[in-house]
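First the structure, in the form of structure tokens, and then the observations on it.
The values are calculated or read from the model by the stated rules, or taken from the named source; none is laboratory data. Fair warning: this is a prediction, and the values are worked out from it, not measured in the lab. Cβ placement follows ideal geometry from the backbone for every residue including glycine, while neighbour counts extend to all protein chains displayed. Side chains are part of the model used for accessible areas, which takes the heavy atoms of the whole protein and leaves out ligands, DNA and RNA. Shrake-Rupley method; radii C 1.70, N 1.55, O 1.52, S 1.80 Å.
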Amino acid sequence: MTDDLTGNPPKPDTTGLNIVVCIKQVPDSAQIRVHPVTNTIMRQGVPTIINPYDLYALEEALRLRDQYGGAVTVLCMGPPMAEDALRRALGLGADRAVLITDRRFAGSDTLATSFALATALTTIAQDRPIDIVFTGKQTIDGDTAQVGPGIARRLGLNQLTYVSAIDSIDLGKRELVVRRRAEGGVQVLQSRLPCLITVMEGINDLRRGSIQDLLRAARADVTVWSAEQAGVTNPMMCGLRGSPTVVKKVFAPSPRSEPAEMVTTEAKRPAQVAEAVLDLLFARNPKLEADLAARKGA
Amino acid sequence: MSEHFDAIVVGAGPSGNAAAYTMAKAGLSVLQIDRGEYPGSKNVQGAILYADALERIIPDFREDAPLERHVVEQRIWMLDDRAHTGTHYRSDDFNEARPNRYTILRAQFDKWFSKKVREAGALVITETTVTGLVRNEAGAVIGVQTDREGGPVFARVVVLAEGVNGLVAQRAGLRPELKPNHVALAVKETHFLSEEKVQERFNLAGEDDGVVIEVLGTVTSGMVGTGFLYTNKESISIGVGCLVSDYAETGMAPYELLDRFKRHPSVAPLLRGSEMKEYVAHLIPEGGYNAIPKLTGDGWLIVGDAGQFVNAVHREGSNLAMTTGRMAAEAIIALRKADLPVSEANLKIYRDALAESFVMQDMKKYRHLPATLEKNRDALFGAYPRALSSALQTLFRVDGTAKRDKEKQMLGIVKKSRGSWWAVATDMFKVARAWR
Ligand SMILES: Cc1cc2nc3c(=O)[nH]c(=O)nc-3n(C[C@H](O)[C@H](O)[C@H](O)COP(=O)(O)OP(=O)(O)OC[C@H]3O[C@@H](n4cnc5c(N)ncnc54)[C@H](O)[C@@H]3O)c2cc1C
Ligand SMILES: Cc1cc2nc3c(=O)[nH]c(=O)nc-3n(C[C@H](O)[C@H](O)[C@H](O)COP(=O)(O)OP(=O)(O)OC[C@H]3O[C@@H](n4cnc5c(N)ncnc54)[C@H](O)[C@@H]3O)c2cc1C
């Protein structure tokens, strides 16, 4: 992707595939902390990342675009700071970014989330019909894997979930073939376009955008829509009010109480080392030794 | 097609942000590149923010900058293994409308500063490492090479705000490799403690009031270095740092020092019941004035830690970083307006601005101190702290000894710590001279 002389983003291709990738900004799970007093997740100050599964979806979309032409739009529902995630996606090579953000979206469960995203997708499709909607398999914070199917259902799209490879696309026939991980094996599925694909981890290797991609992303405007601008006409379907799921309680699992212990021994032979470890285990838990002896005797 | 900017800033710490912000605000086209996942993601500071330096760049920063507490009390502690001798200075004057010092959390602060830089109009790109400088036939720097595809990016000037390691400048032959006795390695932990507990333990009236403690003495186990303990809103930052050359010589590990510091009887009660949230390590340039590298050349200049701008005695670094960043920007803006090339000769205005400001004057004032501390390490970081503690204990313990005898004992302790009064006098003279 190169900039033209004005530094404006290149005009999206009107041929080829029109792809939208839904990405969610999530707290970096490696750095999540639970407030020791209130027991709630401390989101403030915790670095955020793009949901890792969504990155695979984005890369898959970019590969299809690079191969068949077209444009990739990234779509996110979240607070204003979710713009960071979208800008990052632009830096990876996406052509356009849309953030839908509104107080009325706050507290959305999966039903309300898929409603809001589906509505925004319909609005995006007014410019040009969408060929493929990508989502990740699931998120690392909500973990439900419901949003993708929820969108597909609302938009009447064929849904291809847990996809581990896209084998081929026939733009003339408007058909594609994918591999889907299923219990007990791999299914090879053929579907019509348009469709919705939820992507497995490890399906591809994520690219690093070029310096030009990053410059373009830094300059690009992220399209920001309120609920109304996204096309929502019934706010009762959004946010807390549109969410039948009630979170009754959030709690931190109690940390494991037993500290690790280092076993030191002068022994050289493996059997002696093992014995040293066993000695300590038996010393801590005498019942274990008795049980073992009983079993040996039996 | 390659891009061309008025200036490229390498690094998004306080020095780079100050430079990028000031230049963008003046209408220059600025590209700032940082290798972190987001600006400041790996940056470390104690951290005390000195308002004055930032105020000269963003006058109304207090409106939205993420500040923890303003400092109402400064403590300085001299530790031996079981005691601390200290001074506390607290004044209600520090509860002013525009407080002078704040504690901050750098990750949040750097993010905020970076947002300001973007709003001022600079392009900021992250997760990108500058790998080298691009020069023209005459040897002038005309751009940077990065670890991404797409070729070099060009600019009239490259501002090296890359922090203490200064690898870009070093690789380009602009400065020598860091010497182990010119850098300290500091380790720091952030401990969660509820707002109420912080206030209670440090005797603070409000949720915005804070205490900072600078610590000297055996906390560094005889190595050249210091410790610190700062109060944040609902956490405590605690750390210790020593010269890299001293770690190498003693074989001590930084985390051992920090563990001992945390267990010290004067410190442990302040941390009791807290939960460790973060552990970080970072280098601090402590070579002082004599370690400052060449700061300017054709098409490049150095600001912040990369130029060794840290006043270790007063624990000032970020303010020198911001001030040097601002001054570099002002010089570049002046040259741009006059349509003059950013040559080494023309960058004299930057060197002059530094020389006239507190930055170089303070660096110069303490130029002999690093060597003095290093040479008299055992006395200053071991013998004296112990002697001070034991002399004071002799004074305060009431045990039937006559006061005149106590005084004799105390003097004896001090003398014995160094073998003779001559040695003590020499030490004092050396330190006083280096301080002047
Ligand atoms: C126990 C629990 C408690 C919760 N509590 C709250 C709460 O108190 N308040 C609150 O606001 N939320 C809460 N949520 C979050 C909310 O219900 C979900 O995060 C949200 O509806 C999306 O579901 P998910 O994260 O499980 O996504 P999944 O269905 O796992 O996501 C699948 C894919 O859908 C796409 N996607 C999902 N969300 C978005 C999005 N926002 N934008 C773009 N694409 C997206 C991504 O491609 C993702 O990979 C809670 C969730 C759970 C499970
Ligand atoms: C433990 C500790 C406590 C401290 N306490 C205080 C204090 O209380 N008060 C105070 O004022 N100062 C303190 N300092 C000093 C202060 O942190 C530094 O002086 C200050 O951060 C210097 O700012 P800088 O912008 O020059 O460098 P840095 O903050 O180090 O920023 C350099 C930036 O450059 C980026 N970078 C480096 N190389 C490249 C490359 N090749 N390509 C792209 N990007 C690159 C890095 O990612 C980084 O973001 C402390 C330091 C430490 C370690």
Please verify whether the stretch B:168-183 includes one or more residues that are under 28 Å from B:A371 (Cβ atoms), part of a strand (DSSP E or B) and in contact with an Asp or Glu (Cβ under 7 Å, 6 or more places away or on another chain). yes
(1) surrounded by 18 or more Cβ atoms within 10 Å (Cβ to Cβ); (2) under 23 Å from B:V10 (Cβ atoms): which one isn't true of B:D147, the others all being true? (1)
Those residues of the stretch B:107-122 that are within 11 Å of another protein chain (Cβ to nearest Cβ) and either under 19 Å from B:W300 (Cβ atoms) or without any contact (Cβ under 8 Å) to a residue 40 or more places away in the chain (or both) come to a total of 3
The number of residues in the stretch B:1-44 that are touching a Leu at 6+ places or on another chain (Cβ under 9 Å), crowded, with 24+ Cβ neighbours inside 10 Å and part of a loop (DSSP other than H, G, I, E, B) is 1
If we scan the stretch B:193-207, do we find a residue that is of a type in the set (V, I, T), over 18 Å from B:E286 (Cα atoms), within 14 Å of chain A (Cβ to nearest Cβ) and more than 16 Å from ligand 2 (Cβ to nearest atom)? yes
Looking only at the stretch A:252-270, and only at residues there that are among the aliphatic types (A, V, I, L, M) and more than 16 Å from ligand 1 (Cβ to nearest atom), the one that is most open to solvent (accessible area, probe 1.4 Å): A:M262
For the stretch B:78-89, does any single residue satisfy the condition of being away from chain A (no Cβ under 14 Å), touching a Phe, Trp or Tyr at 6+ places or on another chain (Cβ under 8 Å) and in a loop (DSSP other than H, G, I, E, B)? no
Long-range neighbours under 8 Å by Cβ, at least six apart or interchain, first residue loosely packed, with under 13 Cβ neighbours inside 10 Å and modelled with pLDDT under 95 within the stretch A:164-182, second in a strand (DSSP E or B) and hydroxyl-bearing (S, T, Y): A:A182/A:Y162
Residue check, A:D141 against (1) open to solvent by 10 Å² or more (accessible area, probe 1.4 Å); (2) within 13 Å of ligand 1 (Cβ to nearest atom); (3) within 14 Å of chain B (Cβ to nearest Cβ), all met but one. Which one? (3)
Failed condition for B:A53, given (1) under 25 Å from B:A312 (Cβ atoms); (2) part of a loop (DSSP other than H, G, I, E, B); (3) in the same structural domain as B:N319 (by TED's automatic domain parsing), with all others met? (2)
Cβ contacts < 9 Å: first residue more than 30 Å from B:D147 (Cβ to Cβ) and more than 10 Å from every other protein chain (Cβ to nearest Cβ), restricted to the stretch A:212-233; second residue open to solvent by less than 20 Å² (accessible area, probe 1.4 Å) and assigned to a loop (DSSP other than H, G, I, E, B), any location; separation 6+ or different chain. Result? A:S226/A:V232; A:A227/A:C238; A:A227/A:G239; A:V232/A:C238
Residues that are of a type in the set (D, E, K, R): which strands (runs of 3 or more DSSP E) entirely in the stretch A:125-219 hold 1 or more of them? A:158-170, A:175-182, A:185-192
Residue check, B:R156 against (1) in a strand (DSSP E or B); (2) within 14 Å of another protein chain (Cβ to nearest Cβ); (3) open to solvent by 50 Å² or more (accessible area, probe 1.4 Å), all met but one. Which one? (2)
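For the stretch A:187-204, which residues satisfy the criterion of being within 22 Å of the chain's Cα centre (by Cα), open to solvent by 20 Å² or more (accessible area, probe 1.4 Å) and either within 14 Å of chain B (Cβ to nearest Cβ) or over 20 Å from A:D95 (Cα atoms) (or both)?
A:E201, A:G202, A:I203
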In the stretch B:161-182, the residues that are open to solvent by less than 50 Å² (accessible area, probe 1.4 Å) and either on the phi > 0 side of the Ramachandran plot or within 14 Å of another protein chain (Cβ to nearest Cβ) (or both): B:G163, B:G166
Selected residue [within 14 Å of chain A (Cβ to nearest Cβ) and aliphatic (A, V, I, L, M)] from B:I33, B:I57, B:I48: B:I33
Return the pairs, sorted by first residue and then second, in which the second residue is away from ligand 1 (no atom under 16 Å from the Cβ) and not polar (S, T, N, Q), the first residue lies in the stretch B:267-285 and is free of Cβ contacts under 8 Å to residues at least 24 places away in the same chain and open to solvent by less than 60 Å² (accessible area, probe 1.4 Å), the beta carbons are less than 9 Å apart, and the residues are 6+ apart or on different chains. B:A268/B:K262
Search result, residues across the stretch B:40-72 that are of a type in the set (D, E) and touching a helix residue (DSSP H, G or I) at 6+ places or on another chain (Cβ under 8 Å): B:D52, B:E55, B:D64
Counting only residues that are assigned to a loop (DSSP other than H, G, I, E, B) and either within 14 Å of chain B (Cβ to nearest Cβ) or open to solvent by 100 Å² or more (accessible area, probe 1.4 Å) (or both), which one in the stretch A:234-251 is nearest to ligand 1 (Cβ to nearest atom)? A:V247
Regarding the stretch B:271-280, can at least one residue be identified that is away from ligand 1 (no atom under 16 Å from the Cβ), under 24 Å from B:D362 (Cβ atoms), of a type in the set (S, T, Y) and in a strand (DSSP E or B)? no
Can you spot a residue in the stretch B:129-141 that is within 14 Å of chain A (Cβ to nearest Cβ), farther than 25 Å from B:M223 by Cβ, in a strand (DSSP E or B) and touching a Gly at 6+ places or on another chain (Cβ under 9 Å)? yes
Among A:R219, A:R207, which is closer than 25 Å to A:E60 by Cβ and open to solvent by 20 Å² or more (accessible area, probe 1.4 Å)? A:R207
If you go through the stretch B:354-362 one residue at a time, do you hit one that is open to solvent by less than 50 Å² (accessible area, probe 1.4 Å), more than 28 Å from B:S420 (Cβ to Cβ) and acidic (D, E)? yes
Kindly provide the set of residues from the stretch B:183-225 that are open to solvent by 40 Å² or more (accessible area, probe 1.4 Å) and touching a strand residue (DSSP E or B) at 6+ places or on another chain (Cβ under 7 Å), ordered by number. B:L185, B:D208, B:L216
Here, helices (runs of 4 or more DSSP H) confined to the stretch B:329-436 with at least 2 residues that are under 27 Å from the mean Cα position of the chain (by Cα), at pLDDT 90 or above and within 30 Å of B:A120 (Cα to Cα) are B:348-356, B:358-365
With the structure loaded, tell me whether B:R118 is in a loop (DSSP other than H, G, I, E, B) and either open to solvent by 50 Å² or more (accessible area, probe 1.4 Å) or at pLDDT 95 or above (or both) or whether it fails that test. no
Within the stretch B:242-253, can one find any residue that is open to solvent by less than 30 Å² (accessible area, probe 1.4 Å), out of contact with any His (no Cβ under 7 Å at 6 or more places or on another chain) and charged (D, E, K, R)? yes
